[in-house]
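Report on the structure given below.
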Amino acid sequence: MREVILDLQDIKKSFGKNEILKGLNLKVHEGEFLTFLGASGCGKTTTLRIIAGLEMPDSGQVILNGVDVTKKEPNERDVNTVFQNYALFPHMSVEDNIAYGLKLKKVAKNEIKKRVKEVLSLVQLEGYEKRRTTELSGGQKQRVAIARAVVNNPKILLLDEPLGALDAKLRHQMQLELKKLQKSLGITFLYITHDQEEAINMSDRIVVMKEGQFEQIGTPDEIYNEPKTSYVAAFVGDSNILTGTVKECAEDKVVMEFAGGTVMAQAKGKSYKEGEQVVFSIRRENIKLEDHKDMPIKAVVKEKSFAGGMLRIVFLVSDNIEIVASRQGINYNLVPGEETEISFASEHVVILNQEM
Amino acid sequence: MTMKKRKNKSIYLMLVPIYAFTIIFVLFPILYMILLSFLSKAEVWGVVKEVTLDNYKKITEPLYIKTFLDSIKLAAISTGFVVLLGYPFGYFMAKLSKKWKRRMMELIMVPFWTSGLMRLYGWIIVFRSNGTLDQILMGLHITKSPLKLLYSYEAVVVGMIYALMPFMVLSVYSSAEKMDWTLVEAARDLGATKFKAFITITLKQTMPGLLSGVILTFVPSMGMFFVADLLGGNKIVLVGSVIQEQLTKGRNLPFAAAMSVVLMLLTTMLISLYKRVTGSGEMEGLV
Ligand SMILES: Nc1ncnc2c1ncn2[C@@H]1O[C@H](COP(=O)(O)OP(=O)(O)OP(=O)(O)O)[C@@H](O)[C@H]1O
Ligand SMILES: [Mg+2]
């Protein structure tokens, strides 16, 4: 196992009467690309600011590379931040912005020149040294902000929605570049995003945050395929969150009663009592519409719509429960009002932890 | 295209009264003053139409050169104090919560509700022999006898600072208020101490406000003869006092005009220097 470079221990933070962070615990490993994913206002930025030293936690410790830095000033911490709004110094050239940290460290002049040149070519902005930062495009500003941070060779780079302001195409390109950059530099990245696709594409691990708490920490695969709570299931990808009643729990299989039919799921080592209500999720794309191998459930087509390259079909099963399925392409000859059958394959049914 | 043109036209129409006002009340008087400064003084009152450079020659007499230098010195000293006191004031005011900002703003504005002259008389009561200040100091046994502060250089400087401070505070405040404080956080994040971040970021970002504050302090203080007259007695003679004296007692309109023209040139030079330094024509706090 790689070394733990950052250890957050029971971090709590309130603004006035509002408790914003409610006891965060997290170990980050060296060279890891870790993403915070969560709704607006859940405390992602506050968490990063506490790591950077721009905000003091009310209680708890920040251990950076084995040293307790909780009470240290931002300039005494070996981390650098790429701010949400870039925060480039408007009265300085690109070169002076990037050299700012090195000058403070009293690095020799020609060494600074060399490193600025290197890092500019790393972010593909060769020859932009003398430009004013106010004369750059959004994407270029963003590169300068990254260059200004990585040139200091920090232990951890904190990135607060660095691609948020870019259009979709540029964002996708920058995602790839950032990932490549992180791999080649070997610096630990702590990355904030709203965008689940971005999180899944780039991260080694994802932290799903909800109202000041870590809801689930895991690899993109775990978060996507084995969400622990209905919040994670709903937030990452589009899932149907449904409730069933346990009929039988034997060996590794749970059989549930749902909408007049039965649904099977994997127990994953847990046991469930007969008659127990359980919440489970199934992704839209995993709902089977034909060639049923599992017991099918009667359903009526309620709606059919096409958006974002996906066909969305809403079914109504008994008890007026809605189930949404999605498919690539538009050639599904189901018409609204039609009676049909759908089924859930047991490997795609995920039983969620009950919410408190 | 046509829409835009029409819109422009109506804007120009709206500007006509403003231009007219400026031309009648600002440009004409200035031109008239410049014209006057090249004419000769009449025997009793008024001017005679004899073009001459004598008025400007007179300014180069040691007495008047000294007056200019004294004025510049007093303005520089007052401005220096106003910067030292007003900058931190404006800076910290920008960091207050919305509620406190409004309260501070009200406090700064309150003195403007009464006339400036009245407020200076207030200072006379404070400074005069056995006045408020003497009584407090003597009451606290800090001094034994009256300090005779009124009609001293110090009293004039205090009066100047008092009269000009709000302009500095407001102009620093308005640029500190607009400042993006995440820039300071970015600097700290990149390794700057609080002091270093202040020097390299905050001071640079608030420089337009500071410089326009300096102009708003320095320029008027050259001409604030009533402060020097009221609080300094007749010990301190400023350019403004001379102009006023030449207009009234001396009845020398052309010479007063010439001095005004020189004062105006000095001021213009200062403002163009400001534009050069900040690279912008706009003045913080003046808009
Ligand atoms: N300085 C502050 N004073 C008071 N409340 C604050 C302060 N900073 C943040 N908050 C509050 O803390 C909560 C979390 O803010 P934070 O910026 O960490 O959210 P976030 O997860 O980064 O959201 P977003 O995705 O919108 O950037 C919000 O409700 C916000 O209003
Ligand atoms: Mg945020």
| request: Arrange the peptides A:261-267, A:62-68 so that the one whose residues have, on average, the most other Cβ atoms within 10 Å appears first. | output: A:261-267, A:62-68
| field | Cα-centre dipole for the protein assembly as shown with unit charges at Cβ (Lys and Arg positive, Asp and Glu negative), debye to 20 | value | 3440
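Grab the beta carbon distance between B:I30 and B:T143, set R0 = 60 Å, and tell me the FRET efficiency rounded to 0.05. Walk me through the numbers on the way to the answer.
Numbers: r = 49 Å, r/R0 = 0.81.
Given R0 = 60 Å and the Cβ-Cβ separation, E is 0.80.
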| remark: HN-Hα couplings for the stretch A:288-304 via Karplus (6.51, -1.76, 1.60; θ = phi - 60°), in whole Hz with x for Gly/Pro, come out as 7, 10, 8, 6, 5, 9, 8, 5, x, 10, 5, 8, 10, 6, 9, 7, 9
| request: Using amide H atoms built 1.01 Å from N in the peptide plane, name the residues 5+ places from B:G233, or on other chains, whose amide H lies under 5 Å from its own. | output: B:Y151
| note | Residue span B:M207 to B:F112: 0.36 nm per residue of separation minus Cα-Cα distance leaves a gain in nm of 31.6 nm
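Taking a 1.4 Å probe, which of A:T193, A:T340 shows the most accessible area, and what order do the others take after it?
A:T340, A:T193
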| field | Two-site label geometry, B:K73 and A:E30: point separation in nm, points 7 Å out along Cα→Cβ | value | 6.8
| remark: Given the candidates A:L176, A:G127, A:P154, the one whose Cα lies deepest towards the positive end of the charge dipole of chain A, counting +1 at each Lys or Arg C-beta and -1 at each Asp or Glu C-beta, is A:G127
| task | Using 0.36 nm per residue of separation minus the Cα-Cα distance, give me the extension gain between A:A39 and A:S326 in nm, one decimal. | result | 101.0 nm
| Most mobile of B:M222, B:M207, B:M109 per a Gaussian network model of chain B (Cα springs, under 10 Å)? | B:M109
| the stretch B:61-92-the stretch A:131-206 distance, computed between alpha-carbon centres (Å) | 50
| task | Could you work out how far helix A:138-150 tilts from the main Cα principal axis of chain A, as a 0 to 90 degree angle to the nearest 10? | result | 70
| request: Hey, can you find the accessible area per residue of the stretch A:256-323 for me, probe 1.4 Å, expressed in square angstrom? | output: 55
| request: Report the paramagnetic label zone for A:K12: residues of the stretch A:205-219 whose backbone N is under 20 Å from a point 7 Å from Cα along the Cα-to-Cβ axis. | output: A:210-215
| task | Quick one: check the C-alpha center-to-center distance for the stretch A:1-78 versus the stretch B:192-237, whole angstrom. | result | 43
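If you take every DSSP beta bridge fully contained in the protein assembly as shown, what fraction is antiparallel? Give it as a percent rounded to 5.
75
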| When the dipole is taken about the Cα centre of the stretch A:39-115, and only Lys, Arg (+1) and Asp, Glu (-1) are charged at their Cβ, what size is it in debye, to the nearest 20? | 360
| Of the residues B:I108, B:I161, B:I271, which exhibits the maximal mean-square fluctuation in a Gaussian network model of chain B defined by a 10 Å Cα contact cut-off? | B:I108
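For chain B, what is the mean residue ellipticity at 222 nm derived from helices alone (per DSSP H run of n ≥ 4: -39500 (n - 2.57); sum divided by total residues; nearest 500 deg cm²/dmol)?
Working: 14 runs with 204 residues, N = 287.
Helix contribution divided over all residues of chain B: -23000 deg cm²/dmol.
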| request: Can you send over the carbon and sulfur percentage of the accessible area for the protein assembly as shown, probe radius 1.4 Å, protein chains only? | output: 59
| task | Only Lys, Arg, Asp and Glu count, each charged at its Cβ (+1, +1, -1, -1), so figure out the dipole size of the stretch B:62-278 about its Cα centre, rounded to 20 debye. | result | 260
| query | Rounded to the nearest 100 Å², what is the sum over both chains of accessible area buried where B meets A, with a probe of 1.4 Å? | reply | 1700
| remark: Here the membrane-span-like helices of chain B, with no claim about any membrane, defined by DSSP H, Cα axial extent at least 27 Å and mean Kyte-Doolittle at least 0.0, are B:62-94, B:153-178, B:203-223, B:253-278
| remark: Sorting A:H29, B:H141, A:H292, A:H194 on solvent-accessible surface, 1.4 Å probe, most exposed first, gives B:H141, A:H194, A:H292, A:H29
| message | If I take R0 = 45 Å and measure r between the Cβ atoms of A:F306 and A:A267 in this structure, what FRET efficiency does the formula 1/(1 + (r/R0)^6) give, to the nearest 0.05? | response | 0.75
| Which value, in Å² and to the nearest 10, is the accessible area of A:K273 when all protein chains are kept and the probe is 1.4 Å? | 150
| So which of A:K247/A:K302; A:K103/B:K196; A:K247/A:K270; A:K27/A:K155 end up more than 20 Å apart by C-alpha? | A:K247/A:K302
| request: For the stretch A:53-65, take each phi angle, set θ = phi - 60°, evaluate the Karplus expression 6.51 cos²θ - 1.76 cosθ + 1.60, and give the result in whole Hz per residue in order, putting x for glycine and proline. | output: x, 7, 9, 9, x, 6, 8, x, 10, 10, 9, 10, 6
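How much length would be gained if the chain were fully extended between A:R2 and A:A345, taking 0.36 nm per residue of separation minus their Cα-Cα distance, in nm to one decimal?
So the chain would gain 119.7 nm between A:R2 and A:A345.
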| By the scheme Lys and Arg +1, Asp and Glu -1, what is the net charge of all other residues having a beta-carbon under 15 Å from that of A:P296? | -4
| Just going by the charge dipole of chain A, with Lys and Arg at +1 and Asp and Glu at -1 on Cβ, which of A:G309, A:S93, A:T45 is farthest out on the positive end? | A:S93
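Quick check: net charge around A:I323, other residues with Cβ under 11 Å of its Cβ, Lys/Arg +1 and Asp/Glu -1?
Once positives and negatives cancel, what remains is +1.
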| field | Given charges at Cβ of Lys, Arg, Asp, Glu: the stretch B:62-278 dipole, positive-most of B:I125, B:T268, B:P208 | value | B:P208
| task | Name the most mobile residue of B:I77, B:I142, B:I124, meaning the one with the largest mean-square fluctuation, in a Gaussian network model of chain B with Cα contacts below 10 Å. | result | B:I142
| Between A:I241 and A:A165, how many nm apart are label points set 7 Å from Cα along the C-beta direction? | 3.4
| Just the accessible area for B:W100, please: 1.4 Å probe, Å², rounded to the nearest 10? | 120
| task | For the stretch B:53-145, report the accessible area per residue in Å² (1.4 Å probe, heavy atoms, rounded to an integer). | result | 67
| said: Counting only other chains, and only Cβ atoms inside 10 Å, what mean value do you get across the residues of B:192-198? | reply: 3
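The values are calculated or read from the model by the stated rules, or taken from the named source; none is laboratory data. Fair warning: this is a prediction, and the values are worked out from it, not measured in the lab. Neighbour counts run over all protein chains shown; Cβ positions are idealised from the backbone, glycine included. Heads up: the accessible areas ignore ligands, DNA and RNA and are worked out on the full protein's heavy atoms, side chains in. Shrake-Rupley method; radii C 1.70, N 1.55, O 1.52, S 1.80 Å.
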